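The values are calculated or read from the model by the stated rules, or taken from the named source; none is laboratory data. None of these values were measured; they are calculated from a predicted model. Counting neighbours? That spans all protein chains shown, and the Cβs are built from the backbone with ideal geometry, glycine included. Areas reflect the complete protein model, heavy atoms only, side chains present, ligands, DNA and RNA absent. Shrake-Rupley method; radii C 1.70, N 1.55, O 1.52, S 1.80 Å.
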Amino acid sequence: MLSGIVAAQQNLKTSAGNYLGAKGPAMTAGLVLEDGLFYSQGFGYEDAAKVCAPDERTIYRPGSLSKVITGTGLLTLIDDPAMKMSLEDYADDDRYLPELKFVCKWGDTTCKRGKQSTGIKLKHLGSHTAGLADIMDTYHADVETWLTDLKKSYTLFTPGDYASYSGVATEAEGLIAQRISGKPYAKFIQENLFAPLKMTESSMDTGKLPKYRVAQRWQLNVKAASWSFSKADAMPGGDDQPMLWPAGGFSTSVRDLSRFMAMWLSANPPYINGRQILKPTTIQAAINPQVSSPGTGAGNCGQGGTGTGGFFDANNYYYSNCGAADGFGVNWYRGNLPRIRHNGSIGTSGSDTVLDQPAKIGATALISTNPLPNVATATSAQPPGLDGGFVATVTETLLNDGKNADKAPDWMGSPLAIAAARVLYLSGKTPSSHDTKYFTPFFLRFRKLTTKNIAEFVTQWQKENGLCETFRVSNIASATQMTVRFSCKKSELALVLNVESKAPYRISWSTAPESKCDAPKHRTNPGSICPPAGEPNKTFACNCPKSTQPICTLPKMCLWSCSHYLPETDHHIPTPQPGAVRNR
């Protein structure tokens, strides 16, 4: 697959350059496999000063992707035997949301609020087939105010007859989860979903995030045939209203989101308290239609207005148009099977995430400006070159490039794949005097490594990092060099990895440069402080164990910062051990 990433990388650069420009807002895109993030790359700048490049840890607001998080959180409760819950349970049950009994069906003049049986089940909330409003009051949405508004609202149809996209239904899911778990909604999601998945850079409460990693949001400004961006510093509407968080409060990074995506691709959720947070069968069933006889109607189901763009009731609550009831699983859109997806936008930030479960591959793009800049109106045309479906173009292209690359029959044909395999293999093998055969003569000479001390070097390296099990690529510079992060037991090992272009494919590595925008407490591999330009031969301080000698003397890059000064030798290197790297 690595050979195909070159094409994906170029396509991303072209798309990002066309929309964001050389000094534009931030976007990070990622290609995800069933075992995690495989490739990611950032474009533009994450900070207002346009100094810091975004990466896999930059935090964005993905908008309505929040709904998938909320639906998944509810599924964790349903799969907990102690909760005794089912998607077939009626949502107006006293233990869930009895306030639904106040909701009248649209046009029912005999309705007595408080005594209704809407027929809404938990499965209808997640699949947008409940018929509830999409948006009520976005400025006053504490629990009590939200419930007061709900009691004045309507349902458009008999639950399950149609689908009508509904933020209110997702907010109801969040409130039910809060009531059943006995925890505030954001804390419930944190403990039941984010913590087990090790999503440490995610929250449903924007006040809980490290602000230095949150991407500056930008307003898209269109004038005639051109466009520009200006800072958007005002708090997005609803951010201070907790009942709106389930439908739009999610903040995350590509690194974190990839862990959530991998769970849906692998159907292998993590364990908590001795059981998986979701049953594998739940993941497989959750993308299916949640109603047995989906309606085929569209427009507004005959209720109010013309049905061309949704409509408002007397309370000024907004209702989405209706479509076929089989359009959603549990919050995932399934209109383009076998791919499932969800996008989102808060106007100045957004996302698109798409999964191909049969192929076990997915793509995501998080962006800090309008993700879908379709600005054409009845009186003004779309500016030439401005892709109205930008973020969807990015994810579809990346996913297609990834699938095409995945058709390669054998990873052994790629020098870069062999280089990654060597690192994984070296992290777990028993060190020996023959390990010099895996490294280039230059690396050995620079590190003063020979058959006499190579085992000690590898042992120390293993002790610092532990077993490395997977890797993810952040840049491919050439057919023989890439920047790659290895997920190891004791560290996140970020390397610039070089490999010979032909057998025996010996490797060398250097510490990938840290972003100057990262807070020191989040640096997992301090490495060496590289020489400034023009001073390639000066030695700088490195963070190394006392038993090793720091080196930082190479032009253009810093080799792994801790080594021994000892004589050298060289040996022939065979091909790497198969099985040490994912077969993609």
Original post:
Where in region 439-463 does the label zone of Thr430 land, with the point 7 angstrom along Cα→C-beta and an amide N cut-off under 20 Å?
Top reply: 451-463
Original post:
To the nearest 20 debye, what is the magnitude of the charge dipole of region 418-498 about its Cα centre, counting +1 on the Cβ of each Lys and Arg and -1 on the Cβ of each Asp and Glu?
Top reply: 160 debye
Subject >> Among 432-445, 53-66, the order from most to least packed when residues are scored by Cβ within 10 Å on average >> reply: 53-66, 432-445
**OP:** Starting from the Cα of Lys502, draw a straight line to each of the lysines and keep only those under 20 Å, dropping any in the same chain fewer than 8 residues away.
**Re:** Lys437
Original post:
Taking H as built 1.01 Å from N, whose amide H comes closer than 5 Å to the amide H of Asn475, not counting residues under 5 places away?
Top reply: Thr483
Original post:
What's the Cα-based Rg to Rh of region 1-40, Rh via Kirkwood?
Top reply: 1.04
Subject >> Distribution of pairwise C-alpha distances over region 133-217, 10 Å bins, in % >> reply: 14, 36, 33, 15, 2
**OP:** Would you mind computing, in nm to one decimal, how far apart the modelled labels at Lys23 and Asp240 are, each placed 7 Å from Cα along Cα→Cβ?
**Re:** 3.3 nm
**OP:** Determine how large the accessible area of Lys231 is when every protein chain is in place; take a 1.4 Å probe and give Å² rounded to the nearest 10.
**Re:** 110 Å²
Subject >> Gain upon complete extension [Ala376, Gln284; 0.36 nm per residue less C-alpha separation] >> reply: 29.2 nm
Subject >> In sequence order, calculated HN-Hα J values of region 462-476 (Karplus, 6.51, -1.76, 1.60; Hz; x Gly/Pro) >> reply: 5, 5, 6, 10, x, 5, 9, 10, 9, 9, 9, 9, 10, 6, 10
Original post:
How much area per residue is accessible in region 418-498 when the probe is 1.4 Å and only protein heavy atoms are counted (Å²)?
Top reply: 35 Å²
**OP:** Keeping every protein chain in place, order Tyr212, Tyr19 by accessible area at 1.4 Å, biggest value first, i.e. largest first.
**Re:** Tyr212, Tyr19
**OP:** Please work out the ratio of the alpha-carbon Rg of region 80-235 to 2.2 N^0.38 Å and round it to two decimals.
**Re:** 1.27
Original post:
Which one of Leu125, Ala141, Tyr162 is farthest out on the positive end of the charge dipole of region 115-216, using unit charges on Cβ (Lys, Arg +1; Asp, Glu -1) and the Cα centre as origin?
Top reply: Leu125
Subject >> Violating pairs (Cα-Cα greater than 30 angstrom) within the set Lys13/Lys187; Lys13/Lys360; Lys50/Lys360; Lys448/Lys489 >> reply: Lys13/Lys187; Lys50/Lys360
**OP:** First check a/c for region 418-498, with a ≥ b ≥ c the square roots of the eigenvalues of its C-alpha gyration tensor; if it is under 1.5, answer rounded, and if not, answer prolate when a/b is larger than b/c or oblate otherwise.
**Re:** oblate
Original post:
Just in region 69-173: which chymotrypsin sites (Phe, Trp or Tyr not before Pro) are loop by DSSP and have at most 10 other Cβ atoms within 10 Å?
Top reply: Tyr139
**OP:** Arrange the peptides 121-129, 233-241, 478-486, 34-42 so that the one whose residues have, on average, the most other Cβ atoms within 10 Å appears first.
**Re:** 121-129, 34-42, 478-486, 233-241
Original post:
If you average 1/r over every pair of different alpha-carbon atoms in region 18-105 and take one over that average, what Kirkwood value in Å do you get?
Top reply: 17.1 Å
Subject >> Of all accessible heavy-atom area on region 418-498, the percent that carbon and sulfur account for (1.4 Å) >> reply: 51 percent
**OP:** List, in order, the whole-Hz ³J(HN,Hα) value for each residue of region 198-205 obtained from phi through the Karplus relation with A = 6.51, B = -1.76, C = 1.60 and θ = phi - 60°; use x for Gly and Pro.
**Re:** 6, 8, 7, 10, 10, 6, 9, 10
Original post:
With the other protein chains left in place, how much accessible area per residue, in square angstrom, belongs to region 9-113 at a 1.4 angstrom probe?
Top reply: 35 Å²
Original post:
Under a straight-distance cross-link criterion of Cα-Cα below 15 Å, which aspartates and glutamates are reachable from Lys112, leaving out those fewer than 8 residues away in the same chain?
Top reply: Glu99
Original post:
How large is ³J(HN,Hα), in whole Hz, for each residue of region 126-141 in order, when computed from phi with the Karplus curve 6.51 cos²θ - 1.76 cosθ + 1.60 and θ = phi - 60°, using x for Gly and Pro?
Top reply: x, 9, 6, 10, 7, x, 6, 4, 8, 9, 9, 9, 8, 10, 9, 9
**OP:** Mind jotting down the distance between the C-alpha centroids of region 123-170 and region 447-505, whole Å?
**Re:** 52 Å
Original post:
Normalised by the number of residues in region 418-498, what is the relative contact order in percent for Cα pairs under 8 Å and 6+ residues apart?
Top reply: 26 percent
